[in-house]
Every structure is written in C-alpha cells, then in structure tokens.
Amino acid sequence: MSDNVWRKCGSCKKDILYNGIYQRCSVSSCHKLAFCSVDCWDHHVPVMNHKSAWAEEENAPPKDGERIQGMAKKIMISGAPSNAKSIEAQEILIVASKLKDYVKNKHGLNTSGDVMEKLSAIVRVIADQACDHAKSQGRKTLMDRDFQ
C-alpha cells in the first residue's frame, strides 16, 4: 500500500487517498466501511439488506497533520426517501394476509406479492379522487358517498 493511501474501497478495493473524498454508509453498522464512489456504495446496499440508507460524502483524514478542506454532505440515492410524499407513495395500503385469504377462499388462486403494490396504487388514485370530491363539497371529512 502506498504512503498516500488511507484505505481500500469496501467494494472494488481501489485506493482511497489521504485528504481524498470517499463515500460512507449512513447505517451505523457500516460506518467502518469506506467506498471510493457512490456506485461502489450502491453495490453494497442489497448485500447488507439496508431498507433506508444513503451515501454520505466524507473527506479522508489528512496525512500527518495536514488540514482537510471542504465539508461532508449527504447524497441521497437508491430508494432512500427524500421526503414524506415519496414514503406515502411507496407504502402498501392493502392488508396482504386478508387479500390472499379472500382470493384463495373465493377463487382458489394464490396471490403474488406484486399485487399489493398495484392495488395500493389503485386505492391511492380512488382515495385521491374521493378526497377531491369531499373538498369540493366544503367538507373536511371523507365519507362513503365521496367514492363514485
């Protein structure tokens, strides 16, 4: 290892130099790992099974008392929620066990896991339309009659 190398990338094993920029995982159990790029960080996410993580850009420590320039910043990628609306849009609104039981008992079919996402999207569209109807009627309560 060269005198200018601080660490090796946790994914591709490339050199990360002193005072160089590297990516660190936001998950505390992964703080010991350093990645040379966001792509390398992204490769470790499915392996480590992180549900909500992002890459944090950091500066490697200085070599022998040199001074670091710049500030660390977060880089949000790979499904990390950027705001509350993105979380709501991805949340499953259907009770999977109830739907699977219904479909199995009534129709004798198994239900794929992808069905819950699709039905949740459909429910969101219908609920949004019903909410718009309730608001147009001057109400702050969603009622059964708002669903048409």
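Every number here is computed from the coordinates shown, using simple stated rules; none is lab data. Everything numeric here is computed off the predicted structure, so don't read it as measured data. Note that each Cβ is placed from the backbone with ideal geometry, even for glycine, and that neighbours are counted across all protein chains shown.
Before moving on, here are some points about what is shown:
- Residues whose placed amide H lies under 5 Å from that of A55, excluding near-sequence neighbours: I75, I77
- For peptides 135-142, 48-55, sequence by mean Cβ density within 10 Å, most packed first: 48-55, 135-142
- Per-peptide average of other Cβ atoms within 10 Å, ordering 22-31, 35-44, 113-122 highest first: 35-44, 22-31, 113-122
- Where N is the number of residues in the range 92-146, Cα Rg divided by 2.2 N^0.38 Å: 1.45
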